[in-house]
Structures are given as C-alpha cells and as structure tokens.
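These notes concern the structure reproduced below.
Bear in mind these aren't lab numbers, they're just calculated from the coordinates by the rules spelled out. Here the structure is a predicted model, which is why all the values come from computation and not from measurement. FYI the Cβ positions are ideal-geometry reconstructions off the backbone, even for glycines, and counts take in every protein chain you see.
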Amino acid sequence: MLAVLLDVHLAERRAMAEALHDDAVQVLVATTMRLELFSRRLTDPVDQEALLRLTSNVRDGIDRLRRLIGRTGPADPTRGLSIALHDVASELAESSGVVTHVDYAYRAELDPRLVSLLTLVAQATVTAAGARDRTKNVSISVHGDTAGVRLTVTDDGTAAPVAPVRAGERRVAAPGLEALQPVVELVGGEVSMSAEPAGTGTAVTVWLPLAGTTESGRGAGV
C-alpha cells in the first residue's frame with residue numbers, strides 16, 4: 001500500500017514539475033527574449049532603465065520557478081536520506097536566505113520507500129517552516145534506533161498554531177503535512193508538533209517504524 005501511494009504521489013509531483021518547466025518557464029523565457037528585443041527600439045534612458053528592471057524581475061521569477069520545480073520533482077531515494085535532506089536544506093537557504101542546519105545521526109540503511117516518504121515529509125515541513133513570519137533558522141535532525149527513525153524540523157519563526165485534538169483523535173494538524181500525514185499514519189508512524197510558549201519557534205516531529213515494529217508494539221505493515 002505504501003509503495004502504491006508513494007508511486008501515485010511521486011508521479012503527480014513529476015507531472016507537475018514537467019508541466020511547470022514545459023509551460024510556465026518556457027513562456028517566461030520567451031517573454032525575456034521579447035523584452036530584450038524591444039529594448040533595442042528604446043532611446044529614452046528612463047524607459048531603458050525601466051525595461052531593464054522589468055527584464056531582471058522576469059529572470060528572477062524564472063530562477064525562483066526553477067527552484068520550485070526542483071522542490072516539486074521527486075528526489076532519488078537511491079542517493080540516501082542524508083544527501084536528500086541536505087538538498088532540501090540547501091534549496092530553502094538559496095530561495096529564502098534562511099540559515100539551515102542538518103544533524104543526521106542515523107547510520108542504519110533505510111528502505112527506499114521510507115527514504116522517499118521522509119524526503120517528502122522534510123520538503124513539506126521545511127517549506128512551511130521557512131514561510132513562517134520571522135523565521136531565520138531552520139534545523140533538520142534525524143535520529144533513531146532499531147525500532148524506527150525520527151525526523152524533526154525546528155524553526156525560530158512565529159509559532160504555528162497547534163490545533164486542539166479531540167478525545168479519541170490521534171491526528172495533529174501540522175502545517176505542510178496535510179496530504180502526507182495520513183500516509184505516515186498508515187504505516188504506523190506518528191506526527192507531533194509543539195510550539196514555544198513565548199510565541200517563537202515550532203518543532204514538527206515525524207516518527208516512522210522500521211518493518212514490522214512500532215513504538216507501541218503494533219505491526220507497521222511496511
């Protein structure tokens with residue numbers, strides 16, 4: 001079931017990345033070329049300067065869109081989780097200027113399906129953390145043991161609201177994980193979120209069991 005869900009999710013992301021590249025990027029590139037041609041007809045220095053700024057803005061938009069495509073496209077699970085998380089952190093640092101740090105302390109080899117799922121979780125959680133007001137630092141940490149692996153993303157921005165959980169409910173509304181949280185729970189994993197009382201800083205933690213085991217002793221089904 002996990003393999004099927006991941007295949008569908010990754011196929012959708014791949015199609016979205018290809019559509020963005022083949023449509024939006026190509027349109028913007030063509031627009032830049034037309035602006036450059038049009039600039040040759042201008043003689044007024046003020047108009048030339050305005051067009052130069054406009055062209056620069058379009059090029060900046062192309063760069064941002066290409067970085068978005070990089071985040072949308074599925075990561076290669078064969079490269080390992082550590083490399084994938086460093087890529088996620090680098091993309092956020094380059095796109096937003098946020099200082100990122102990765103603490104990878106899990107040495108066991110992970111199933112490629114878990115690598116794909118954790119990478120998707122990290123992309124969604126890190127993007128949400130970087131988008132919060134006043135965020136200057138985002139950290140990704142990975143720890144675990146023979147029972148499972150734990151990924152935590154922390155930031156120092158304005159604390160995300162923690163939605164109350166009614167009696168009998170397990171789900172925590174973690175910003176950025178709405179689509180992936182059911183998949184995490186399907187394989188026996190858990191999502192938790194905490195916010196600092198002072199109103200700054202949020203920590204989102206995702207725990208995934210290794211094959212056949214969860215922290216509570218339930219079968220994971222992975």
| request: Using only the alpha carbons of the stretch 80-209, determine the length spanned along each of the three principal axes and report them from longest to shortest in whole angstroms. | output: 40, 36, 23
| query | Where does each of 175-185, 117-127 land if you order them by average Cβ count within 10 Å, highest first? | reply | 117-127, 175-185
